[in-house]
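The values are calculated or read from the model by the stated rules, or taken from the named source; none is laboratory data. Since the model is a prediction, treat every value here as computed from it, not as a measurement. Methodologically, a virtual Cβ is constructed for each residue, glycine included, from the backbone with ideal geometry; neighbour enumeration extends over all protein chains shown.
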Amino acid sequence: MELIKATAQIIPLDPNPLKHIERIARTCYKSEDKITDESASKFVKMLYDRGHHAMLEFYPFYFHIHSSLIDRITYLNQLPEIDGDFKWYNRDYPFIEASCNLRTAIMLNEHMELFGKIISNHYPELNSLFKFVIGTGNEDLIQLVDKELINANLWYETVKFITSRGVTHELVRHRKCSFAQESTRYCNYGGKEMQFIIPSYITIDEGVPTAIYHTKIDEHSQLKGGSDWLVSLAADEEDYNDLLTEHGWLPQQARGILPNDLKTEIVAQARLSEWKHIFDQRCAKTAHPDMQAIMIPLRDKMNILYDNYFNS
């Protein structure tokens, strides 16, 4: 058993959409060690062919779109498969500032090939996978632009959390986000030290031998019972391994006994407007202390990046 602290890391956007999506999607399977210079295309195609389209949401695009197309796009945006994922901001008429992710762009392209043509001109590696039409001459209607050229509310930001499953159960309640989470169905924790997250109300260093945890933890806890908590985690770890090795259970079956403080990794992507809502909810004094402990420092980091956007 190993105790670790929760962390949050902002993930920069890779210029290559397929490599970026692969890096994030492999969080689900904890297969990052299989990434090679050539693995992205095959891996993303596998996701697409298996219908795991949620992972395609992890690449954003920013547009200037001529206002003559807005009625058509408004109609398409209301289709059940798109469900309002395409957002725009009307500032520089006749061009509208807009953003969407790759999954939405693929669906829009099925009804309006202009999107595919513009994207494929900039990212030809997406062509064969998603059947975008190659073409030119559409720049007078749709332009792919840098995010700095559109309203900040439409910008996406992506964060990787290493935290407890209890915290992620709350995080995934935010609907206007994309998530990729380490899966207890596909990840096998047997035969190695299982990791658990140190709660915010226990002050103890990472990497301390387990025997010292048991003798010191009650001294460093704001609550009594820290040693009982440790005993419970150790028992869960042992029972999980027994179910796998002694009784032949699969990881997706044995996971039922794993506790909420099990370490998990989750990548969350949202527009800045939604991150502001998340911080308003999850940095509040009424939020769970473990949620506050990870969200308040993250909000401070993002405020540095985005000129105190989240304090407005």
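Annotations for the structure displayed:
- Selection status of Ile134, loosely packed, with under 13 Cβ neighbours inside 10 Å and of a type in the set (A, V, I, L, M): yes
- Inter-residue pairs, beta-carbon under 7 Å, first over 23 Å from Lys117 (Cβ atoms) and assigned by TED's automatic domain parsing to the domain that holds Ile11 and in region 34-61, second part of a helix (DSSP H, G or I) and of a type outside the set (Val, Ile, Thr), 6+ apart: none
- Any hit, region 259-266, residues being without any contact (Cβ under 8 Å) to a residue 24 or more places away in the chain and more than 17 Å from Thr158 (Cβ to Cβ): no
- Condition check for Ala6: under 30 Å from Ala235 (Cβ atoms) and either in contact with a His (Cβ under 9 Å, 6 or more places away or on another chain) or modelled with pLDDT of 95 or more (or both): yes
- Ile10 fulfils the conditions (1) loosely packed, with under 14 Cβ neighbours inside 10 Å; (2) over 19 Å from the mean Cα position of the chain (by Cα) except for a single criterion, (2).
- Arg103 vs. criteria out of contact with any helix residue (DSSP H, G or I) (no Cβ under 7 Å at 6 or more places or on another chain), among the basic types (Lys, Arg) and either farther than 21 Å from Ala180 by Cβ or surrounded by 14 or more Cβ atoms within 10 Å (Cβ to Cβ) (or both): no
- Scan of region 272-312 for residues that are of a type in the set (D, E, K, R) and at pLDDT below 95, ordered by number: Asp307
- In region 106-118, the residue that is surrounded by the most Cβ atoms within 10 Å (Cβ to Cβ) out of those that are under 15 Å from Glu139 (Cα atoms) and touching a helix residue (DSSP H, G or I) at 6+ places or on another chain (Cβ under 6 Å) is Phe115.
- Evaluation of Glu2 against (1) in contact (Cβ under 8 Å) with a residue 60 or more places away in the chain; (2) within 21 Å of the chain's Cα centre (by Cα) (one fails), failing number: (2)
- For Arg175, the criteria (1) without any contact (Cβ under 8 Å) to a residue 12 or more places away in the chain; (2) of a type outside the set (A, V, I, L, M); (3) outside the structural domain of Asp280 (by TED's automatic domain parsing); (4) part of a loop (DSSP other than H, G, I, E, B) hold in every case but one, which is (3).
- Residue count, region 30-66 (criterion: surrounded by 14 or more Cβ atoms within 10 Å (Cβ to Cβ) and outside any strand (DSSP E or B)): 19
- In region 240-312, counting only helices (runs of 4 or more DSSP H) that sit wholly within it, the ones holding 2 or more residues that are more than 19 Å from the chain's Cα centre (by Cα) and buried (at least 17 other Cβ atoms within 10 Å of the Cβ) span 251-254.
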